[in-house]
1. Given the options GLY119, GLY345, GLY255, state which has the largest fluctuation in a GNM of the chain using a 10 Å cut-off (strictly under) for Cα springs.
2. Which GluC sites (Glu not before Pro) in the stretch 298-373 sit in a loop by DSSP (not H, G, I, E or B) and have at most 11 other Cβ atoms within 10 Å of their own Cβ?
3. Based only on Cα atoms, what Rg/Rh ratio does the chain have, Rh being taken as Kirkwood's radius?
4. Of the candidates ILE269, ILE161, ILE110, which one comes out as most mobile in a Gaussian network treatment of the chain with C-alpha springs shorter than 10 Å?
5. Tell me which of ALA334, THR376, GLY52 sits at the most positive position along the dipole axis of the stretch 2-424, charges placed on C-beta atoms (Lys, Arg +1; Asp, Glu -1).
6. Could you size up the charge dipole of the stretch 191-294 around its Cα centre, putting +1 on the beta carbon of Lys and Arg and -1 on that of Asp and Glu, and report it in debye to the nearest 20?
7. Mind checking which of ILE220, ILE210, ILE59 has the largest fluctuation in a GNM of the chain, springs on alpha carbons under 10 Å?
8. Return one number: the angle in degrees, 0 to 90 and rounded to the nearest 10, between the long axis of the Cα atoms of helix 2-15 and the longest principal axis of the Cα atoms of the chain.
Amino acid sequence: MRKTIKLALTAAMILGTTSAFATNGSNLIGTGAKSRAMGGTSVGVAHGAESGLSNVALITTVKDTEIAFGGTIFMPDVSNSMGQPGMMYPAETSDADMNVIPEVSIVSKINDNFYMGIGMWGTAGMGVDYRGDDYNFNMVTNLQLMQFGIPLAYKMGGLSIGLTPILQYGSLDMNYNGQLDTSSAFAGGMAPATSAVVTHNAGVSQDLKIGYNVGLAYEIADITFGLSYKSQIDMNYKGQMSGASQPFADFGMFGGQALSDNLSTPAEIGLGVSYKFNEHTIAADFKQINWSDADGYSDFGWEDQSVIALGYEYQTKNWAARIGYNSGSNPIAAQATADDMDPTGSAVNMFNLLGFPGIVESHITLGGSYNVSKTTSFDIAYTYAPEVTETYSTADFAAFGPMNPTQITTTHSQTSLSFGVNYNF
């Protein structure tokens, strides 16, 4: 047990030095190499100890004791440019292009009905690094989320129910330094034509809050049905959102008031089903992520996100192959910029696409497992998110940058590699 705790603490320290771009908004499509190789499916299909976070009811598939340790290497490719149609500044690429997210899951069968475990999972994050790029405000953002949980599950016949109390650690850092146009269009035409340097650098803010996940699974014949719910977790990062928005509020945006420092992890509900026949398993999940009700994300106009995940596994005695597909609607909505008296929409568009561009929608996945012994196996998964491009208006009256750009364009694609080691005894 002491060795396991040391491994968990080491992984936590690794996460503390990195950030990640997740794929469904700012959430990972799945935790663990098995789930990620099958498109993120995890609500209606069991992945052993790794199910403790996605659908805790499915940890009842662990035969005795299972330890799963792994991580994901994220390689996002994000670039941004601002300007006027036909006269855009050269696109600059974010330097935040490689990140590491760890995971540790442990589950034991206590008796024929009761199962329990412990785990820690990197669950979400995003960040960009445009330092040295004046046209992109020298913007640097870094959001990291890690959850610690104690999965508990009870099984009676084909029905399983479970609960995972969650302790969530989060950190957020937002920095920028650039020019904001304060022409006469601001303040209803009363301000003189000029520009102002706006900056924000409050250092890293951290928070620790409690939440919970609940799950239900029912198995009949070769079909498994799953239901999961993840509670909203209300996080507060002192000086980050308020400090970043204050210079813009001073010029009439955000209703003239700085935003609060709340940035909640949204609630999520999931439905899943899987069908197993011979060596084959087919799985499908549907998830709804409630960004619009989460503090902070609602301030920036994020919309609820529907996610569909499909996965297939072919499993033999010694190895398994997996493929999958995941599709989630873009939660970042373009804000209207037509009201000359309120340029808030322009500021929101800039912050979303420049600092938090979680716009990737579709994902193609594959991977597999190999059993090196009766007790030990290795997992691998590869995820590819094709490039997407979004262009939002910043409007003449709410121009950003030194040459009064009227639009912002962000391009985002990503690849990732996930690895896992499983030990059963």
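What follows is calculated from the coordinates using simple rules that are stated; it is not laboratory data. This is a predicted model, so every value here is computed, not measured. Cβ placement follows ideal geometry from the backbone for every residue including glycine, while neighbour counts extend to all protein chains displayed.
1. Among GLY119, GLY345, GLY255, the largest mean-square fluctuation in the Gaussian network model of the chain belongs to GLY255.
2. none
3. Answer for the chain: 1.02.
4. Of ILE269, ILE161, ILE110, the most mobile in the Gaussian network model is ILE110.
5. Checked the options; the winner is THR376.
6. 180 debye
7. Its mean-square fluctuation being the largest, the pick is ILE220.
8. 20 degrees
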